[in-house]
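Novice: Take a look at the following structure, please.
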Amino acid sequence: MDYHIADPGLAEEGRMRIEWAERDMPVLRLIRERFSREKPLQGMRVGACLHVTTETANLMITLKAGGAEVALCASNPLSTQDDVAASLVRHHGVPVFAIRGEDKETYYSHINAVLDTRPHVTMDDGADLISTLHAERKEQAKEVWAGAEETTTGVIRLRAMAEAGVLLYPVIAVNNALTKHLFDNRFGTGQSTLDGILRATNVLLAGRRVAVFGFGMCGRGVASRARGLGALVTVVETDPLRALEAVMEGFQVTTSLEAAASCDLFITVTGDIHVLRKEHFQVMRDGAILANSGHFNVEIDIPALEEMSRSRRRVRDNVEEFLLPDGRRIYLLAEGRLVNLAAAEGHPASVMDMSFANQALCVEYVKGAHATLDRVVYDVPEELDREIARLKLASMGIRIDSLTPEQEEYLSSWEMGT
Ligand code: ADE
């Protein structure tokens, strides 16, 4: 088996951590048990480009249990957990191409190694696998039945491709499932972003002025968790509806420049480029900390910060100090990459359980439906989403009511009034 990982000797450590995550992934476990019995993915090849974490390992093991052949590379050069990669190779026979801290060239060589396995399904977190296939290996697209995309940024890229008429096969927007983005994006990003910032810096959040840039599902998770730890949270948002929601949620809402001058910790979660740039660095206070939790490392204009600075040095794991000519110091976490995955372990298993249950069921769905799908971006079928919510509630021991026949009828009629 071909693979490229940092250190096979880390496999035992990885195995134990994968098992630890599995304890909190009951929905995926149920799917795995059924897949083991029914083998619905027999004969399928899945190429995955995801963060190589304990939770992703459980997804790979589930797909294999269903009969699929899988190959995995990283969706970010800094998020790979090398022990997990080692265990997947050694204990589970999954070809992994991922090394934490890999350079750009290696990152793309790993993507190409996964494409070399000629997948029927491409599974992405940020669309790098599918983009590489479209840019460099177009001829391979006819072999691919469908793609699956895990994150908002990837879905935006893919919708743009579909609208431009250049998308060569159907894609399922796993991100858009309710059991994915309402939980993973909000509670997962909320908690894991703060986890990354705290592991990197050990700063006290109580009383700290924190600016959150972006009030989508991820931003609102980060803002509410920061508030929960006692931070004074300011939200910066360009969409008037979202800004209004943030105001009515009780957050301070202001412009990026005002936030830059008055806050101490800055967290970008917009999915857009250069959200924090020269004009902001110019007015920041001494000791300002910058973190990004958006998919790509473009939200903070690091080249501009570097250019303005007299020096740049590493002061702790995942913390770099930029010294400005007037003596102010600005601290950048995790090279501006996803702080929750680079400085912590990503979202906890309990939310990834639902996200990856969606991925597993979508692969099964694609097996049956791909001949009927067009070259567009599809949402996850609603019945899969609801089934995952039902299973998650059941796994938590939570029972809910059903509507009575009278209530069903009332909701579907228009004649009944006062
Ligand atoms: N994205 C965010 N957190 C993650 C995790 N724990 N595993 C895989 N992908 C993730």
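Novice: Kindly establish whether Arg375 is in contact (Cβ under 8 Å) with a residue 60 or more places away in the chain and open to solvent by 40 Å² or more (accessible area, probe 1.4 Å).
Specialist: yes
Novice: Can I ask one more? Mind telling me which of the residues Leu59, Leu50 ends up being of a type in the set (A, V, I, L, M), within 17 Å of Gly154 (Cβ to Cβ), within 11 Å of the ligand (Cβ to nearest atom) and in contact with a Phe, Trp or Tyr (Cβ under 8 Å, 6 or more places away or on another chain)?
Specialist: It is Leu59.
Novice: Having 3 or more residues that are within 15 Å of the ligand (Cβ to nearest atom), farther than 21 Å from Thr151 by Cβ and open to solvent by 60 Å² or more (accessible area, probe 1.4 Å) is the bar; report the strands (runs of 3 or more DSSP E) wholly within segment 164-263 that clear it.
Specialist: Details: elements: 171-173, 209-213, 232-236.
Qualifying strands (runs of 3 or more DSSP E): none found.
Novice: Also, quick follow-up: Hey, among the residues in segment 295-320 that are within 24 Å of the chain's Cα centre (by Cα) and of a type in the set (Val, Ile, Thr), which one's most open to solvent (accessible area, probe 1.4 Å)?
Specialist: Per the stated criteria, the residue is Val298.
Novice: Name every residue in segment 1-43 that is open to solvent by less than 60 Å² (accessible area, probe 1.4 Å), of a type in the set (Gly, Ala, Ser), closer than 30 Å to Glu105 by Cα and in a helix (DSSP H, G or I), in order of residue number.
Specialist: The answer is Ala11, Gly14.
Novice: If you scan segment 121-134, which residues turn out to be of a type in the set (Gly, Ala, Ser) and buried (at least 22 other Cβ atoms within 10 Å of the Cβ)? Step through it out loud before you land on a result.
Specialist: Residues of segment 121-134 that are of a type in the set (Gly, Ala, Ser), as a first pass: 126-127, 131.
Answer for segment 121-134, where residues must be of a type in the set (Gly, Ala, Ser) and buried (at least 22 other Cβ atoms within 10 Å of the Cβ): Gly126, Ala127.
Novice: Look through segment 323-355, keep the residues that are within 12 Å of the ligand (Cβ to nearest atom) and acidic (Asp, Glu), and return whichever of them is surrounded by the most Cβ atoms within 10 Å (Cβ to Cβ).
Specialist: Per the criteria, the residue is Asp353.
Novice: Pairs, please: C-beta under 7 Å, at least 6 apart or cross-chain, first residue under 21 Å from Ser79 (Cα atoms) and in segment 309-332, second part of a loop (DSSP other than H, G, I, E, B) and open to solvent by less than 40 Å² (accessible area, probe 1.4 Å)?
Specialist: Short answer, once both residue conditions are applied: Asn318/Ala343.
Novice: If Met123 meets every condition in (1) within 15 Å of the ligand (Cβ to nearest atom); (2) assigned to a helix (DSSP H, G or I) apart from one, which number is that one?
Specialist: Only one criterion in (1) within 15 Å of the ligand (Cβ to nearest atom); (2) assigned to a helix (DSSP H, G or I) is unmet by Met123, namely (2).
Novice: Next question, about the same structure. Got at least one residue in segment 356-363 being away from the ligand (no atom under 14 Å from the Cβ) and either open to solvent by 30 Å² or more (accessible area, probe 1.4 Å) or among the β-branched types (Val, Ile, Thr) (or both)?
Specialist: Looking through segment 356-363, at least one residue is away from the ligand (no atom under 14 Å from the Cβ) and either open to solvent by 30 Å² or more (accessible area, probe 1.4 Å) or among the β-branched types (Val, Ile, Thr) (or both).
Novice: Of all the residues that make up segment 62-102, how many are of a type in the set (D, E, K, R) and away from the ligand (no atom under 16 Å from the Cβ)?
Specialist: Count: 4.
The values are calculated or read from the model by the stated rules, or taken from the named source; none is laboratory data. Since this is a predicted model, take the numbers as computed values, not measurements. Counting neighbours? That spans all protein chains shown, and the Cβs are built from the backbone with ideal geometry, glycine included. Remember, those area values only see protein heavy atoms, side chains included, never the ligands or the DNA or RNA. Shrake-Rupley method; radii C 1.70, N 1.55, O 1.52, S 1.80 Å.
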